[in-house]
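In what follows, a single structure is set out as structure tokens and then discussed.
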Amino acid sequence: MHDIRLIRETPEAFDAALTRRPGVAPVSGEILALDAARREKILAAETAQAEQNAASRQVGAAKAAGDEAEFERLRALVGAKKAEVAALKAAAAEDDAALSARLMEIPNLPFDDTPEGADEADNVEIKRWGAPRAFDFAPVEHYALPSVVPGMDFEAAAKLSGSRFVVLSGAIARVHRALAQFMVDTHVEQNGLTETWTPVLVREEMMLGTGQLPKFGEDSYQTREGWWLVPTAEVSLTNLVAGEIVEAASLPRRYVAHTQCFRSEAGSAGRDTAGMLRQHQFEKVEMVSVTRPEDSRAELDRMTGCAEGILEALGLPYRTIVLCTGDMGFGARRTHDIEVWLPGQDAYREISSVSVCGDFQARRMNARFRPEGGGKPEFVHTLNGSGLAVGRCLIAVLENGQQADGSVVLPEVLHGYLRGRTRIDATGTLV
């Protein structure tokens with residue numbers, strides 16, 4: 001959500017930044033018109049209230065003086081002004097709701113260093129790590145590996161739930177769990193994040209706070225009771241500071257959580273239907289940081305490094321790109337996507353997206369901090385990022401570790417989590 005004062009004071013600059021997003025039109029004229037109408041009604045209500053108060057004070061004097069005509073006139077004026085004040089306040093409240101709703105629909109302003117572009121073709125690569133392995137056989141996708149087939153059952157999942165679900169069992173389920181544990185342990189012990197366990201059912205205002213609502217409701221699931229299933233733990237972790245005024249000394253706050261995530265995948269019909277790359281239910285290790293404004297840009301680079309470090313420890317080649325203005329999410333000011341190499345697809349695919357949102361989410365959540373030494377509370381800055389998507393990391397481990405006989409050699413950092421097992425043999429057994 002945007003600061004209305006910023007739009008009032010610098011409407012041209014606001015529109016110039018906003019329209020760096022392709023297809024987004026200038027809005028300051030519309031916003032300022034709504035704001036002016038609201039402020040005009042508020043002023044009129046205050047004026048009418050003052051007139052009502054003045055007339056109320058004069059009623060007693062007229063009564064005491066025995067001036068019945070003046071008494072009745074003033075009493076009627078008080079009643080009329082009371083009704084006028086109520087009507088103006090109601091109209092101002094409607095205008096205020098309309099203004100807030102419109103501000104909720106406007107995407108965040110890109111940072112100046114966010115590259116301009118129309119779509120993913122204009123994203124900019126900023127780092128590449130590791131060389132894709134040279135295979136002496138034709139690598140296959142994860143779901144086609146003989147060692148994986150026994151432990152990755154899409155037919156059973158379809159019977160239970162429909163398409164875009166999977167049942168994992170045996171060695172595959174265990175490696176999936178080991179990956180999540182390794183990620184959380186690394187973020188806590190090496191990266192200084194606080195391990196957190198949060199609900200996956202949240203109130204609607206939590207989804208509003210992080211920007212999934214009102215525009216993107218079709219991408220998520222809502223229960224009959226009104227709760228929303230989180231599309232990512234970003235929603236629950238970021239909202240831990242919703243409605244709070246925290247002390248500056250407590251910042252930055254750095255959280256990590258391993259949760260189930262749920263997405264309807266609206267608009268993705270026909271995309272990545274084979275395998276478990278794009279699922280309605282999946283697991284993710286999510287990072288969230290809450291910082292002072294002056295620290296958020298550096299925090300983006302720090303969080304990106306945390307996610308990259310997981311892939312490097314696993315020995316998985318990747319590249320990091322900066323999303324252009326046409327490919328960046330609604331609430332972000334700058335986003336770094338990390339794409340892992342999948343030899344079965346002969347392509348890099350997204351495994352993490354790390355974004356800095358500035359005070360965009362904080363304004364929606366009313367999350368502030370009290371500066372050291374006192375002063376007026378200021379809005380915090382928020383960031384979020386995958387550290388990593390567990391299912392996609394499983395895919396990368398399986399495909400990059402595949403052998404000619406259909407077995408999979410597992411990364412060394414997982415061996416301890418697997419009680420010394422180092423690979424999945426061609427029959428699907430951890431050995």
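Where a number appears in this text, it was derived from the coordinates with a stated rule and is not lab data. In this text, all values refer to a predicted model and were calculated from it rather than measured experimentally. So basically every Cβ, Gly included, is an ideal-geometry build from the backbone, and we count neighbours across all protein chains shown.
Among 245, 338, 172, whose mean-square fluctuation peaks in a Gaussian network model of the chain (Cα, cutoff 10 Å)?
Largest GNM mean-square fluctuation: 245.
In a solvent-free Debye calculation with one equal scatterer on each Cα, what is log10 I(q)/I(0) for segment 116-168 at q = 0.15 Å⁻¹, listed in the order of the q values?
Listed by q, the Debye log ratios stand at -0.76.
For segment 168-236, just the Cα atoms, rotate onto the principal axes and tell me the three extents in Å, largest first.
The principal-axis extents, from largest down, are 37, 32, 19 Å.
Report, ordered by chain and residue number, the lysines lying within cross-link reach of residue 41, taken as a straight Cα distance under 27 Å and ignoring same-chain residues fewer than 8 apart.
Leaving aside lysines fewer than 8 places away in the same chain, those within reach of residue 41 are 81, 82, 89.
Enumerate the lysines that residue 127 could reach by cross-link, defined here as Cα to Cα under 27 Å, with residues fewer than 8 away along the same chain left out.
Qualifying lysines at Cα under 27 Å: 284.
Using only alpha carbon positions, build the gyration tensor of segment 12-128, then give the equivalent ellipsoid semi-axes as the square roots of 5 times its eigenvalues, largest first, whole angstrom.
Working: eigenvalues 615, 21, 17 Å².
Value: 55, 10, 9 Å, ordered largest first.
Straight-line reach only, C-alpha to C-alpha below 18 angstrom: list the aspartates and glutamates that residue 63 could link to, leaving out same-chain residues fewer than 8 apart.
72
Within the chain, which complete DSSP H helices have Cα atoms spanning at least 27 Å along the helix axis and a mean Kyte-Doolittle hydropathy of 0.0 or higher?
Working: long enough: 28-64 (54 Å, -0.26); 68-104 (54 Å, 0.12); 170-189 (28 Å, 0.29); 296-314 (28 Å, 0.02).
Going by DSSP H runs, the hits are 68-104, 170-189, 296-314.
Looking at segment 172-236, which trypsin sites (Lys or Arg not before Pro) are in a loop (DSSP not H, G, I, E or B) and have at most 10 other Cβ atoms within 10 Å? Numbers along the way, then the final one.
On the way: sites: 174, 177, 203, 215, 224; in loops: 203, 215, 224.
Listed in order of number, the matching sites are 224.
Counting just the Cα atoms, what span does the chain cover along each of its three principal axes? Round to the nearest Å and put the largest first.
Projected onto its principal axes, the Cα set of the chain covers 108, 44, 43 Å.
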